[in-house]
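Undergrad: What follows is a single structure, and I will ask about it in a moment.
The values are calculated or read from the model by the stated rules, or taken from the named source; none is laboratory data. All figures in this text were calculated on a predicted structure; none of them were measured in a lab. Backbone-built Cβ (ideal geometry, glycine too); neighbour counts: all protein chains shown. Side chains included, ligands, DNA and RNA excluded: accessible areas come from the protein's heavy atoms. Shrake-Rupley method; radii C 1.70, N 1.55, O 1.52, S 1.80 Å.
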Amino acid sequence: MSIKVAVLGAKGRMGSETIKAITGTQDLEVVAAIDIDDTLDQLVSSGAQVVVDFTHPDSVMGNLEFSIKHGISVVVGTTGFNEKKFQLVNSWLALNPKVGALVAPNFGLGAVLMMQFAAKASKYFESVEIVELHHPAKVDAPSGTAFRTAELINEARKGANKSAMPDATVSQMPGARGAKIGDVQIHSVRLRGAVAHQEVILGDVGETLSIRHDSIDRTGFMPGVLLGIRNVSLHPGLTVGLENYMDLS
Ligand code: NAP
């Protein structure tokens, strides 16, 4: 029996790609394709078991509240989450403990692996910095992926009792060293011709290591989206990050 899926943001770039990807599977079925002018009641009338949300940061919370309160698990790619929003999601999940909610800052399996590899490697190097490169239409900097990578690196280094990174800079032009998230510097490049790329550069005495991921097309997110849909109902409660559904031991 196939998993019944509703897609929110169905006419958008990611939503329409998700519908195409689901249509190409044997075990998943699109039962509702909903966009801005449609009513959320379709989620219930269609019998959806999983909702995928690729809408807008202003819309996603209302969608999540409705879905979770109606007992439907959610796979969320929409960006703009913070601690306050996660607390709200948890409060709705507490009312319906069997429901699963996956919030994934990046569905690219390669990107998730890049973040995990970088965090693991950062325990063994004195220095680590992130360079992210995106198309010039991107409105936020640094990227959510770079931010999350820095968080993971900070956690890993804290766990390994790493000391502060060496940096003798005493004078600088504003922005020259990038944005600092915890101990990690992030440098954001906005470049015509770029899509979405990230390089984590690690360094220690006598050697450097670069871990790089390149997103070339949004179809690259689809294996991760499908993995999320297939697993979300098996993981009740809130899960942040697709790595939690992957075997990375
Ligand atoms: P997009 O092309 O603008 O698509 C969003 C679609 O959702 C639009 O058709 C929009 O309609 C619709 N929409 C807005 N509010 C809605 C609501 N309440 N109910 C139903 N539909 C609604 O954007 P996109 O490029 O697909 O990206 C969508 C989100 O996913 C963004 O937050 C983006 O940053 C994120 N994203 C995440 C990943 C990841 O791996 N996690 C990857 C790529 C993108 P209107 O155009 O009429 O407003």
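Undergrad: Could you tell me how far the Cα centroid of the range 189-245 sits from the Cα centroid of the range 155-170, in Å?
TA: 24 Å
Undergrad: Out of Phe125, Met165, Val112, whose Cα points farthest toward the positive end of the dipole of the range 109-216 (charges: +1 Lys, Arg; -1 Asp, Glu; placed on Cβ)?
TA: Val112
Undergrad: Hey, another quick one. Net charge near Met222: determine it from the other residues with C-beta under 9 Å of the C-beta of Met222, scoring Lys and Arg +1 and Asp and Glu -1.
TA: So the environment of Met222 carries a net charge of +1.
Undergrad: Against the longest alpha carbon principal axis of the chain, how many degrees, from 0 to 90 and to the nearest 10, is the axis of helix 13-23 turned?
TA: Rounded to the nearest ten degrees, it is 60.
Undergrad: What do you get for the angle between helix 60-69 and the principal long axis of the chain? Use alpha-carbon atoms, 0 to 90 degrees, nearest ten.
TA: Roughly 50 degrees, rounded to the nearest 10.
Undergrad: While we're here: For Cα pairs less than 8 Å apart in space and 6+ apart in sequence, what is the mean separation divided by the residue count of the range 1-133, i.e. the relative contact order in percent?
TA: Values: 184 pairs, mean separation 25.7, N = 133.
Once normalised by length, the contact order is 19 percent.
Undergrad: Run through the DSSP bridge list for the range 117-249 and note the antiparallel percent, rounded to the nearest 5. Show your work: numbers first, answer last.
TA: On the way: 20 of 26 bridges.
Close to 75 percent.
Undergrad: Take every Cα-Cα pair in the range 134-232 and report what % of them are more than 20 Å apart.
TA: When every Cα pair of the range 134-232 is considered, 52 percent fall beyond 20 Å.
Undergrad: First compute the accessible area of the chain with a 1.4 Å probe, then give the percent of it belonging to carbon and sulfur atoms.
TA: Using a 1.4 Å probe with all protein chains present, the chain comes out at 54 percent carbon and sulfur.
Undergrad: How far is helix 109-121 tilted, in degrees, relative to the longest principal axis of the Cα atoms in the chain, given as a value from 0 to 90 rounded to the nearest 10?
TA: It is inclined by approximately 40 degrees.
Undergrad: Rg to Rh ratio, the chain, alpha-carbon atoms and Kirkwood radius?
TA: The Rg/Rh ratio comes out at 1.01.
Undergrad: Of all DSSP beta bridges located in the chain, what percent are antiparallel, nearest 5?
TA: Within the chain, antiparallel bridges account for around 45 percent of the total.
Undergrad: Give the accessible surface of the range 146-211 per residue, rounded to a whole number of Å², with probe radius 1.4 Å and ligands, DNA and RNA excluded.
TA: 62 Å²
Undergrad: Determine the dipole magnitude for the chain: charges of +1 sit on the beta-carbon of Lys and Arg, -1 on that of Asp and Glu, nothing else is charged, the reference point is the Cα centre, and the result goes in debye to the nearest 20.
TA: Charge dipole, the chain, about its Cα centre: 140 debye, nearest 20.
Undergrad: Give the accessible surface of the range 1-144 per residue, rounded to a whole number of Å², with probe radius 1.4 Å and ligands, DNA and RNA excluded. Before the final figure, lay out each step's value.
TA: Numbers: 6770 Å² over 144 residues.
I get 47 Å² per residue for the range 1-144.
Undergrad: Hey, in the GNM for the chain with a 10 angstrom Cα cutoff, which one of Leu95, Leu226, Leu109 fluctuates hardest?
TA: Among Leu95, Leu226, Leu109, the largest GNM mean-square fluctuation belongs to Leu95.
Undergrad: Still on this model: Output the pairs from Lys20/Lys85; Lys84/Lys180; Lys20/Lys120 with a Cα-Cα distance over 27 Å in this structure; if there are none, say none. Walk me through the numbers before you get to the answer.
TA: Values: Lys20/Lys85 30 Å; Lys84/Lys180 22 Å; Lys20/Lys120 35 Å.
From the list (Lys20/Lys85; Lys84/Lys180; Lys20/Lys120), the Cα-Cα distance tops 27 Å for Lys20/Lys85; Lys20/Lys120.
Undergrad: Continuing with this model, one more query. Please report the net charge: other residues with Cβ closer than 12 Å to the Cβ of Thr79, K and R +1, D and E -1.
TA: Numbers: positive: Lys85, Lys138, Arg148; negative: Asp53, Asp58, Asp140.
So the surrounding residues net to 0.
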